[in-house]
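The values are calculated or read from the model by the stated rules, or taken from the named source; none is laboratory data. Quick caveat, the model's predicted, so the values are computed rather than measured. Methodologically, a virtual Cβ is constructed for each residue, glycine included, from the backbone with ideal geometry; neighbour enumeration extends over all protein chains shown.
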Amino acid sequence: MPQLSFGDMEYTNRRRKTKRELFLEQMDKIIPWADWVNMIAAYYPSGKRGRPPIGIETMLRMYLMQNWFSLSDEGIEDAVYDSHAMRSFLRINFLEQQVPDATTLLHFRHLLEEHTLGKALFDDIRNRLDKAGLIMHGGSVVDATLISAPSSTKNQTGERDPEMHSTKKGNQWYFGMKVHAGVDAGSGYVHTITGTAANVHDVTQAHALIRDDDEVGYGDSGYLGVEKRPEIREDEHLSKVDFRINKRSSSLKATGLGKAIEEYLERRKSSTRCKVEHIFQIVKKYFGCRKTTYRGIAKNMNKFFVLFGCANLVMCIRAGRTEEFTALQA
């Protein structure tokens with residue numbers, strides 16, 4: 001443990017910890033830093049030529065905080081200088097080094113995007129949850145959420161992002177992309193995500209969100225008729241999955257006791273299907289990621305892989321299962 005400065009000692013004498021500090025302490029404890037550093041090291045500059053690179057763990061910590069608090073490259077640099085909790089999480093000692101600048105963080109993010117390391121981190125979290133026995137098998141909930149993109153053409157190219165498209169939900173139009181998620185029906189942890197333009201229908205991604213050992217699939221009324229799609233019907237495993245899709249309220253034709261039974265069955269489906277909304281709530285409200293940050297679906301999906309993986313960690317912490325998860329790191 002590094003030696004405390006006078007500023008650190010004064011800060012530790014406060015009455016209570018902030019929510020941000022508690023969150024960073026919990027994430028610092030649960031994340032397998034050594035394994036993630038080794039994962040990135042294969043692609044990171046060795047430092048044999050040119051200026052010695054900043055440590056991988058320092059850059060990774062800064063990159064994660066940028067995503068957790070929805071900050072720009074310059075914004076996270078300023079925030080670390082302003083926040084003692086962030087500086088402690090970054091493990092920066094101003095007597096020895098300074099916060100990495102925005103350009104350095106930009107290059108680090110491009111490295112992660114180039115080698116799809118965001119997906120590698122997401123897969124590592126999912127596999128660790130599975131090995132710890134925290135993920136159940138046999139059923140998945142599928143759903144999609146809209147992520148808005150800037151519709152303005154006031155940029156260098158004078159046009160909107162060509163990979164984003166418009167779609168109508170209810171009486172409102174949205175421009176952007178969709179993140180499709182497959183969530184374990186038992187535990188609520190997300191195990192698969194895909195990204196498409198906003199005008200791609202939810203049902204077209206259902207086959208990619210069902211696991212090989214799933215026997216049951218849950219979805220809202222947007223997935224009605226999923227069992228008739230060729231990618232489902234022609235697949236030996238997917239064709240045997242029992243899809244329990246919520247009906248539209250207008251399609252409930254029964255009356256009396258029959259209607260009461262139908263409504264009860266729909267509520268039972270919804271009680272399981274709602275688990276996917278918890279993961280969306282963490283990403284869009286807790287992490288504040290309601291809009292796309294970059295141009296292109298691939299770049300944004302690298303960020304969403306990291307965010308959905310970290311959302312799994314947040315759910316693990318809230319469930320009080322940190323010890324089970326970290327036991328694999330010993």
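Residue count for the stretch 189-240 satisfying the condition of being in a strand (DSSP E or B) and polar (S, T, N, Q): 3.
When you look at Lys299, is it surrounded by fewer than 20 Cβ atoms within 10 Å (Cβ to Cβ), touching a residue at least 12 places away in the same chain (Cβ under 8 Å) and under 15 Å from the mean Cα position of the chain (by Cα), yes or no? It is true that Lys299 is surrounded by fewer than 20 Cβ atoms within 10 Å (Cβ to Cβ), touching a residue at least 12 places away in the same chain (Cβ under 8 Å) and under 15 Å from the mean Cα position of the chain (by Cα). Counting only helices (runs of 4 or more DSSP H) that sit wholly inside the stretch 39-140, those with at least 1 residues that are touching a Gly at 6+ places or on another chain (Cβ under 7 Å) and closer than 28 Å to Leu328 by Cα are 102-114, 117-131. The residues of the stretch 141-178 that are assigned to a loop (DSSP other than H, G, I, E, B) and of a type in the set (D, E, K, R), listed by number, are Lys154, Glu159, Arg160, Asp161, Glu163.
Taking the stretch 135-162, which residues are of a type in the set (D, E, K, R) and modelled with pLDDT under 95? I'd like the intermediate steps shown before the answer.
From the stretch 135-162, those of a type in the set (D, E, K, R) are 143, 154, 159-161; that's our starting set.
Result: Lys154, Glu159, Arg160, Asp161.
Restricting Ile92, Ile76 to those that are of a type in the set (Val, Ile, Thr) and either surrounded by fewer than 21 Cβ atoms within 10 Å (Cβ to Cβ) or in contact with a strand residue (DSSP E or B) (Cβ under 9 Å, 6 or more places away or on another chain) (or both) reduces the list to Ile92.
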